[in-house]
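Some notes on the structure that comes next.
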Amino acid sequence: MQYVPHDYQIIAANWVREKPYAGLLLDMGLGKTVISLTVIEELLYDSLQYEKVLVIAPKKVAEDTWTREARKWDHTRHLRVSRVLGTAEQRKAALRAKADIYVINRENVVWLVDYLGDNWDFEFVVIDELSSFKNHRSKRFRALRKVRPLMKRVIGLTGTPVPNGYLDLWSQIYLLDRGERLGKTISDYRRRFFDASYRPWGQEYKLKPGAEEKINELIKDICLSMKAKDYLKMEEPLLIDVPVVLTDKEMRMYQTLQREAVLEITGGKAITAANAAAVTTKLLQLSNGAVYSETGEVVHIHNQKLERLDELIEAANGRPVLVFYSFRHDKDRIKNYLKVKVRELNGPEDVEDWNRGKIPVLLAHPASAGHGLNLQDGGNIMIWFGLTWNLEHYQQAIARLHRQGQAKQVTIYRLITEGTVDEDVANSLSGKESTQEEFLEKLSARLRGLQKEGGL
């Protein structure tokens, strides 16, 4: 296929080409992969600056997206892609293969750094989904930091550089400029731009007045940011919250299990950052209709969400539907409950069949169906059986359908169990500005209400 770039893609490619390290902060659907491939092809074959490039990507993107995109376009079809995946021996063989692009999943970055050691020979590195390295304590960040001095060119790609706030930014920018702009350490960064305070859930950092503007000013010479709404003519998705109402008996059971879950996790104490994730996970399970017991068995609470899901799929009248689930037992329950043919999103074949209209209902987890997957050709209806508090996963999942090439308006249905944590999560996601701390406040308020009622 002939590549006819949009004006903004030409601008982005030229901008990246001119810089030894650059952050391409392009919104979802703007074509970060093809832009990067265009630059790679030019630097490897036109200017002959490099012999090969390492691409670090999420697992499913590493498995399929880069190979597929390279083969898709006439000007990049000759690029040889070696996927450094599978067992250790398979990964070693892939590294020995003669190729232009070596693609490895981010989970194996530590292995790669250890394996190559002093023989690290990737001068050109592309980090596909730079925000995957937002945790400065993670092993993958520390490993890549170790070999960063050996890289001459780095491109960082992401549409969500600050999914949880500006604290996420330091480690990502460090992998680009080695601390030139935001400081050599996270401590330096915090001291310069944040005020620290103590809350019940731990230490909290808030941006100092004017800090956001200063940070943006410091990184603007190496980070190019573009929003899809400014460049793509697409209707905004139609968001419809579908209320799920429990019977009195089901609500009593829900509240009983809620009390037990919160007491078990918190020990009767306040919700903190350390236990918030566990509390939220447990409550979201309850809202969806089932929860794991201490012995690992599935305790069924209600089928209300399953019934509403079935109704929505029936109302789709044969049109393909993409369903997002949160927990394994949700997936199993959906498959057992629905009478229509259901398929899980596991690999490239599933993507192809979905885009060809061969799958009536596709089940996907937001964490595994995020970055780089193009599903816009297969349908325009999305249903969230269970929500995720992770804003990045939520936005990336929506972008699988709502992206360039989508011919129809995307309709998003969210199943919201009334009187549960579903409502808090839905409100936070809709606002798209809520912080973890704000969510904790909401969650704590809900539980304090239960305490006043004698529930806890």
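Going residue by residue through region 371-383, is there one that turns out to be outside any loop (DSSP other than H, G, I, E, B) and more than 22 Å from the chain's Cα centre (by Cα)?
no
Under 6 Å between Cβ atoms, which residue pairs at least 6 apart in sequence (or on different chains) link something in region 43-61 that is at pLDDT 95 or above with a partner that is among the polar types (S, T, N, Q) and not in a strand (DSSP E or B)?
Final answer for the pair search is LEU43/GLN49.
It is to be established whether one or more residues within region 9-19 are within 26 Å of the chain's Cα centre (by Cα), among the polar types (S, T, N, Q) and in a helix (DSSP H, G or I).
Within region 9-19, one or more residues are within 26 Å of the chain's Cα centre (by Cα), among the polar types (S, T, N, Q) and in a helix (DSSP H, G or I).
Out of THR76, THR38, I need the residue that is hydroxyl-bearing (Ser, Thr, Tyr), in a helix (DSSP H, G or I) and touching a residue at least 24 places away in the same chain (Cβ under 8 Å). Which one? Talk me through it step by step, then tell me what you get.
Working: THR76 fails: in a helix (DSSP H, G or I).
Answer to the check: THR38.
Taking only pairs six or more apart or across chains, which ones have beta-carbon atoms under 7 Å, a first residue in region 134-150 that is outside any helix (DSSP H, G or I), and a second residue that is modelled with pLDDT under 95 and acidic (Asp, Glu)?
Partner pairs satisfying both residue conditions: LYS134/ASP168.
Which one of these does ASP332 not meet: (1) within 20 Å of HIS365 (Cα to Cα); (2) in contact (Cβ under 8 Å) with a residue 40 or more places away in the chain?
(2)
From the residues in region 164-185 that are polar (S, T, N, Q) and either in a helix (DSSP H, G or I) or in the same structural domain as TRP389 (by TED's automatic domain parsing) (or both), which one is farthest from PRO20 (Cα to Cα)? Can you show your working first?
Within region 164-185, the first condition is being polar (S, T, N, Q), and the residues that meet it are 164, 171-172, 185.
Now narrow it down to the ones that are either in a helix (DSSP H, G or I) or in the same structural domain as TRP389 (by TED's automatic domain parsing) (or both): 171-172.
Details: SER171: 18, GLN172: 15 Å.
Going through the qualifying residues, I end up with SER171.
In region 235-281, what residues are assigned to a loop (DSSP other than H, G, I, E, B) and modelled with pLDDT of 80 or more? Full working, then the answer.
The first filter runs over region 235-281 and keeps only residues assigned to a loop (DSSP other than H, G, I, E, B), leaving 235-237, 245-247, 267-272.
Passing the criteria: GLU236, PRO237, VAL245, LEU246, THR247.
Quick one: VAL298 ticks every box in (1) in contact with a Phe, Trp or Tyr (Cβ under 9 Å, 6 or more places away or on another chain); (2) closer than 30 Å to ARG106 by Cβ except a single one, so which number is it?
Among (1) in contact with a Phe, Trp or Tyr (Cβ under 9 Å, 6 or more places away or on another chain); (2) closer than 30 Å to ARG106 by Cβ, VAL298 violates only (2).
Tell me, yes or no, whether region 186-203 has at least one residue that is in a loop (DSSP other than H, G, I, E, B) and within 18 Å of LEU144 (Cα to Cα).
Within region 186-203, the subset in a loop (DSSP other than H, G, I, E, B) is 200-201.
With the extra rule that they be within 18 Å of LEU144 (Cα to Cα), the set shrinks to none.
No, there is no match, as no residue in region 186-203 is in a loop (DSSP other than H, G, I, E, B) and within 18 Å of LEU144 (Cα to Cα).
Return yes or no: is ASN108 surrounded by fewer than 18 Cβ atoms within 10 Å (Cβ to Cβ) and part of a helix (DSSP H, G or I)? Explain how you work it out, then say what you get.
Numbers: surrounded by fewer than 18 Cβ atoms within 10 Å (Cβ to Cβ): no; part of a helix (DSSP H, G or I): yes.
No, not satisfied.
Scanning region 190-230 for residues that are farther than 30 Å from ARG400 by Cβ and small (Gly, Ala, Ser), which turns out surrounded by the most Cβ atoms within 10 Å (Cβ to Cβ)?
ALA211
Determine, yes or no, whether VAL299 is over 16 Å from PRO360 (Cβ atoms) and part of a strand (DSSP E or B). Spell out the reasoning first.
Working: over 16 Å from PRO360 (Cβ atoms): yes; part of a strand (DSSP E or B): yes.
Yes; evaluated as a whole, the condition is true for this residue.
Can you go through SER171, SER187 and tell me which one is within 18 Å of VAL109 (Cα to Cα) and either buried (at least 17 other Cβ atoms within 10 Å of the Cβ) or not basic (Lys, Arg) (or both)?
Working: SER187 fails: within 18 Å of VAL109 (Cα to Cα).
Result: SER171 is the single residue among SER171, SER187 that is within 18 Å of VAL109 (Cα to Cα) and either buried (at least 17 other Cβ atoms within 10 Å of the Cβ) or not basic (Lys, Arg) (or both).
Applying the selection to region 161-177, what residues are in contact with a Ser or Thr (Cβ under 7 Å, 6 or more places away or on another chain) and among the small types (Gly, Ala, Ser)?
Answer for region 161-177, where residues must be in contact with a Ser or Thr (Cβ under 7 Å, 6 or more places away or on another chain) and among the small types (Gly, Ala, Ser): just GLY165.
The values are calculated or read from the model by the stated rules, or taken from the named source; none is laboratory data. As the structure is a prediction and not an experimental result, all values here were calculated from the model. Because the Cβ atoms are built from the backbone with ideal geometry, glycine has one as well, and the counts that use them run over all protein chains shown.
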